[in-house]
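The next block holds one structure in the form of structure tokens; read it before the comments.
The values are calculated or read from the model by the stated rules, or taken from the named source; none is laboratory data. Keep in mind that this is a model prediction, so the values were computed, not measured. Here the Cβ is made from the backbone with ideal geometry for all residues, glycine too, and neighbour counts use every protein chain on show. Keep in mind that these areas ignore ligands, DNA and RNA; they rest on the heavy atoms of the full protein, side chains included. Shrake-Rupley method; radii C 1.70, N 1.55, O 1.52, S 1.80 Å.
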Amino acid sequence: MNVLMAASECAPFVKTGGLGDVIGSLPKALRMEKISACVMLPKYEDLSGTVTKRLIFHRSFTVTVGWRKQYCGLLSLEEAGVRYYFLDNEYYFKRHGCYGYEDDGERFAFFCRAVVEAMPLLAERPDIVHCHDWQTGPIAALLKSDHYRRQPFYHAIKTVFTIHNLKYQGIFPYSVLHDLLGLDDGFFTIDGLEFYGAVSFLKAGLAYSDRLTTVSRTYAAEVQTPYYGERLDGFLRRRGAWLTGIVNGIDDVRYNPATDAQLIHSYSRPDGKAPNKRALQRRLGLSERATMPLIAMVTRLAEQKGIDLVLRVFDEMLALDIQFVLLGTGAAHYEAAFRSLAERHPAKVAACLRFDDGLARQIYAASDLFLMPSKFEPCGIGQLLAMRYGSLPLIRETGGLKDTVIACNDCTDEGYGFSFTNYNAHDMLHCLARAVGFYRKKPLVWKRLVERAMALDFSWKTSAAAYIRLYRSLLEAEPE
């Protein structure tokens, strides 16, 4: 079985969010299970010099984009047994950043067409093309077009499309259909790419892929409802039989408190967190109190992440006699709010408004509770990393948060976190007060919860096995 992953980002080469982590980890996990997996990415300007020096040029070819014939170079490198292909075109990709340009529709139309044209040039013909998020959605539609269906090479290739976040859909004018993708009006229907008179790249993947996945079981159900469905819920209900939820994993070798060189003190048991807590308090100028609960957030500062809930009851949170540490960047008004809170409460609040992977690991290791009150969360990585480092998650029951965190039940002695249901600031506050009560009044129970969380297996091995079962069922299925 040969699997080609098509994506717009991949750690450690280029990453803006969780998608990059997934593409950086899943192919390696598949490789460990003897599945041949390779990855195809744009060759962005932001690739580091150490990466570009390792790239091997294979050949160039021409990609049709509207009336133009565009150059595309095919380069690759190998890492941990996985082959990474990079598609080169300086007109589209020699710019800083991955997204946010006015011609993103043309840029990723080119990328999708280039992926399809590059397939015959690869070392191995793919049995399955696994596309990720809106930037790769048109690949599935292109493979269903007459131009490629008539060619024997493409005839039996199957497609899987993964929704990482339904909110981002890649919506562009109708003209994109003909001028850039080269598709006829047969694709511009309510069951195709048409989305309220425009073209949706994400809907192309949803409509024409052989199987659909998203990154947690609960999110797979949520996107079929009006609240979470981003105006695609009805379409997703019609395709519900082909939609599967598979939760993301984490790299448990890279993120391991027993070997993490970024920590002041490595550890494998809850008692080892204390030196890291003292060190973080000292580093951030907080009062060095071992018995004060330390609440952490490592997050984008966006409405999705429940920031409004936190700010709404922040004074009441501090009245519980806690410390609060935030690491992240995002909307300017959120940054300003947390900067002001840190200035008003320097002994209790630290706001680190930047991205810093080393500091993030130290926060996971030092914190007692990890707060994720998201409005919606397709999967979430933060809660998985927090549990790996023994920080108990406090989450709203949505998406992957609900699937990965079992709330503490004092009566049955089950669970390893804390949760609330309604998107309501005072529900969150009540849940936090309960968790702080556990921390202060039941230290032995707390230690048991931390031990339980640290013992959980959220490695990619389980998730990779689920993808392999999906791939095999697709290859063994009768033609549809």
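Details
- Being more than 27 Å from ASP210 (Cβ to Cβ) and modelled with pLDDT of 95 or more holds for only one residue in ASP88, ASP46, and it is ASP88.
- Qualifying residues in region 129-147 (those that are over 19 Å from TYR85 (Cβ atoms) and assigned to a helix (DSSP H, G or I)) - the one least open to solvent (accessible area, probe 1.4 Å): ALA141
- Among (1) touching a residue at least 40 places away in the same chain (Cβ under 8 Å); (2) among the β-branched types (Val, Ile, Thr); (3) open to solvent by less than 50 Å² (accessible area, probe 1.4 Å), the one test that THR16 misses: (3)
Residue by residue, here is whether (1) open to solvent by less than 20 Å² (accessible area, probe 1.4 Å); (2) in a loop (DSSP other than H, G, I, E, B) holds:
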position: LEU166; (1), (2): yes, yes
position: GLY186; (1), (2): no, no
position: LEU206; (1), (2): yes, no
position: ALA221; (1), (2): no, no
position: GLN224; (1), (2): no, yes
position: ARG231; (1), (2): no, yes
position: LEU236; (1), (2): yes, no
position: VAL247; (1), (2): no, yes
position: VAL253; (1), (2): no, yes
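- Residue pairs whose Cβ atoms lie under 8 Å apart, separated by 6 or more positions or on different chains, with the first residue in region 89-107 and closer than 22 Å to LEU74 by Cβ and the second hydroxyl-bearing (Ser, Thr, Tyr) and open to solvent by 10 Å² or more (accessible area, probe 1.4 Å), are ASN89/TYR71; ARG95/TYR101; CYS98/THR16; ARG107/TYR101.
- Some residue of region 291-306 being without any contact (Cβ under 8 Å) to a residue 40 or more places away in the chain, open to solvent by less than 50 Å² (accessible area, probe 1.4 Å), more than 17 Å from GLY18 (Cβ to Cβ) and touching a Leu at 6+ places or on another chain (Cβ under 8 Å): no
- Options ARG344, ARG339: the member that is open to solvent by 40 Å² or more (accessible area, probe 1.4 Å), in contact with a Leu (Cβ under 8 Å, 6 or more places away or on another chain), farther than 14 Å from MET372 by Cβ and basic (Lys, Arg): ARG339
- Residue check, ALA7 at pLDDT 95 or above, under 23 Å from SER200 (Cα atoms) and not aromatic (Phe, Trp, Tyr): yes
- All conditions but one from (1) open to solvent by 40 Å² or more (accessible area, probe 1.4 Å); (2) in contact (Cβ under 8 Å) with a residue 40 or more places away in the chain; (3) assigned to a loop (DSSP other than H, G, I, E, B) apply to ARG354; the one that does not is (2).
- Where TYR255 falls short, out of the listed (1) over 28 Å from CYS112 (Cα atoms); (2) of a type in the set (Ser, Thr, Tyr); (3) out of contact with any Lys or Arg (no Cβ under 6 Å at 6 or more places or on another chain): (3)
- Across region 19-71, the qualifying residues are those that are part of a helix (DSSP H, G or I) and among the basic types (Lys, Arg), and the one among them that is most open to solvent (accessible area, probe 1.4 Å) is LYS53.
- Selection count, region 324-335, where residues are open to solvent by less than 50 Å² (accessible area, probe 1.4 Å) and not in a strand (DSSP E or B): 4
A quick yes/no check of all residues on (1) of a type in the set (Gly, Ala, Ser); (2) buried (at least 19 other Cβ atoms within 10 Å of the Cβ); (3) modelled with pLDDT under 95:
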| position | (1), (2), (3) |
| --- | --- |
| TYR423 | no, no, no |
| MET428 | no, yes, no |
| CYS431 | no, yes, no |
| ARG440 | no, no, no |
| MET454 | no, yes, no |
| ASP457 | no, no, yes |
| ALA465 | yes, no, no |
| ARG469 | no, no, no |
